[in-house]
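What follows is a set of notes on a single structure, which appears directly below.
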Amino acid sequence: MSQDAPLRIDAKELFSAKVEDYLEVQSALQRGAEEVEPQSWIVRVIYSSWFYLAICSGLGAFCGWAILEPFFEDQAPDEEFQVAGFLLFPTTAAFIGLFLGAAEGIMCRNARRAVVSGAVGLGVGFAGGLILVFPVGILFVLMQVVALSVGKPPAPGQMPTGLTLLIVMMGRAAAWAIISIPAGLGQGIALREKKIVFNGILGGALGGLIGGLLFDPIALVFITADGQAIVSRAIGLTIVGLMVGLFVGLVEGWTKTAWLLMRKGPLAGKQFVLFKDTTVLGSSPKAEIYLFKDEAIEPRHAIIHNRGGRFELEDCQTPDGTYVNGIPIKKHLLQNGDQIVMGKTVLEFTLREAKG
């Protein structure tokens, strides 16, 4: 048959089941073919967990300061008991925990998750801070004794200097590192997820350590000549909060092994770390990955199973289907770079290779 001869297809062939199947596959292939524009660096930063956790945690610490500050008396004798001073650690930990716990739910527009995780963060932060305030207080007093034993005591109302100041800074850093641990635990406890609990412990301790180290240098700059420390406390506590949130987010980035990046959808640019053995994707607020504003997505649309480091995507028998690289799937073992399409939402799967 000549290559220039016309190709003739009769009606029977045109409407055969094979043609219909072929057209259906071709239609499915177009699901992932739409060009997705890359997000700007501003969007990528805003949706980075280290950024929004730091902002929320800093706001939490600032709120804790705002509540306690009216009750501080900077001119009171050192031996006089101050309720505000006693409640400084638990209140700061509580409000860092509240804002830190609620941050992920706020970013994902999931009010239920924000309320539950925030409430648990508030309670765990305050209770943990209250329990730890005594051993932490003892630790700080011991460090002050050591500091004064190696250097000249400062004049009344003055900050220490030299080696004495360095030891005081180390004591305060250790105190904030311990107190910040319960501040970072709320979300992990609320979600009952060990990996998030670990991130909260390590990130909280590192953030508290760095923030605590900066506390006294900030005081040197901002305490007024008459000993007023209002601005100093505001900045110092806010920095502690910022550092806690920053390091919780950084630890999450260091320890994550698999995640989804929303390439197209209402949260385009947001990463969803796959912590759990079973992760539900759907339009229900109870889903681990809440995909809202998409009528084609079911409450339980798809599930990702972590099978020993191999991630399998399963469609929950949805009418609209779940697609990987344009192909409709029932079950699919995800590979690095796979593009998942559900309704109008496009997610990209990333798997970090284990270092041998």
Mind listing whichever residues of segment 75-90 are surrounded by 15 or more Cβ atoms within 10 Å (Cβ to Cβ) and closer than 14 Å to GLN228 by Cβ? none
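Just to be sure I understand, how many residues within segment 90-118 are in a helix (DSSP H, G or I) and over 13 Å from GLY60 (Cα atoms)? Steps first, please.
Kept after step one, since they are in a helix (DSSP H, G or I), are these residues of segment 90-118: 90-107, 111-118.
Okay, now just the ones that are also over 13 Å from GLY60 (Cα atoms), so 104-107, 111-117.
Residues that pass the stated criteria total 11.
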Residue check: is VAL83 free of Cβ contacts under 8 Å to residues at least 40 places away in the same chain and under 19 Å from the mean Cα position of the chain (by Cα)? no
The lone condition GLN271 fails out of (1) in contact with a Pro (Cβ under 9 Å, 6 or more places away or on another chain); (2) open to solvent by 30 Å² or more (accessible area, probe 1.4 Å); (3) of a type outside the set (A, V, I, L, M, F, W, C) is (1)
Those residues of segment 208-265 which are assigned to a helix (DSSP H, G or I), within 26 Å of GLU73 (Cα to Cα), touching a residue at least 60 places away in the same chain (Cβ under 8 Å) and polar (S, T, N, Q) amount to THR238
Which of (1) within 29 Å of the chain's Cα centre (by Cα); (2) open to solvent by less than 60 Å² (accessible area, probe 1.4 Å) does VAL116 not meet, given it meets every other one? (2)
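Being among the aromatic types (Phe, Trp, Tyr), out of contact with any Asp or Glu (no Cβ under 7 Å at 6 or more places or on another chain) and under 27 Å from GLY249 (Cα atoms): is that true of PHE222 here? Break it down into steps so the answer makes sense when it comes.
Working: among the aromatic types (Phe, Trp, Tyr): yes; out of contact with any Asp or Glu (no Cβ under 7 Å at 6 or more places or on another chain): yes; under 27 Å from GLY249 (Cα atoms): no.
So PHE222 does not fit the description; no.
The values are calculated or read from the model by the stated rules, or taken from the named source; none is laboratory data. None of these values were measured; they are calculated from a predicted model. Glycine also receives a Cβ, built like all others from the backbone with ideal geometry; neighbour counts cover every protein chain displayed. Heads up: the accessible areas ignore ligands, DNA and RNA and are worked out on the full protein's heavy atoms, side chains in. Shrake-Rupley method; radii C 1.70, N 1.55, O 1.52, S 1.80 Å.
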